[in-house]
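Before any comments, here is the structure.
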Amino acid sequence: MKRRKTTVYLDPDVLTATKVLAAARQQSESQVVEDALRAYLGNGQLEAAGADLRALMDRVAGRAELDEDQAMAIAVEEVQAVRTARRSRRRSA
């Protein structure tokens, strides 16, 4: 599968740990990050994200009379709300 470049912002300690682990495993930093994401998503997080996306799409679909800018603003607000709720669930777990 072809890889795509992306930018992420990490806590300096997480970045340092990623670099150390990559060096110890003789892997690239991107491979360490990809492996970690695959493990995380494999723990049921992918299904949860899919459910969140379906719920978001259902809410946005009910507002079809909006123009593109209004729809995008609502979508951004909804994504932020989902992320906030997910963080709250993680903290309470």
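Hey, any hits in the range 6-27 for a residue that's in contact with a helix residue (DSSP H, G or I) (Cβ under 6 Å, 6 or more places away or on another chain) and of a type in the set (Asp, Glu)?
no
Return the total of residues in the range 46-62 being loosely packed, with under 11 Cβ neighbours inside 10 Å and either modelled with pLDDT of 80 or more or not aliphatic (A, V, I, L, M) (or both).
5
Of all residues in the range 19-34, which are assigned to a helix (DSSP H, G or I) and over 19 Å from residue 7 (Cβ atoms)?
20, 21, 23, 24, 25
The values are calculated or read from the model by the stated rules, or taken from the named source; none is laboratory data. Everything numeric in this text was worked out from a predicted model, so none of it was measured. Positions of Cβ are backbone-derived with ideal geometry, glycine not excepted, and every protein chain shown enters the neighbour counts.
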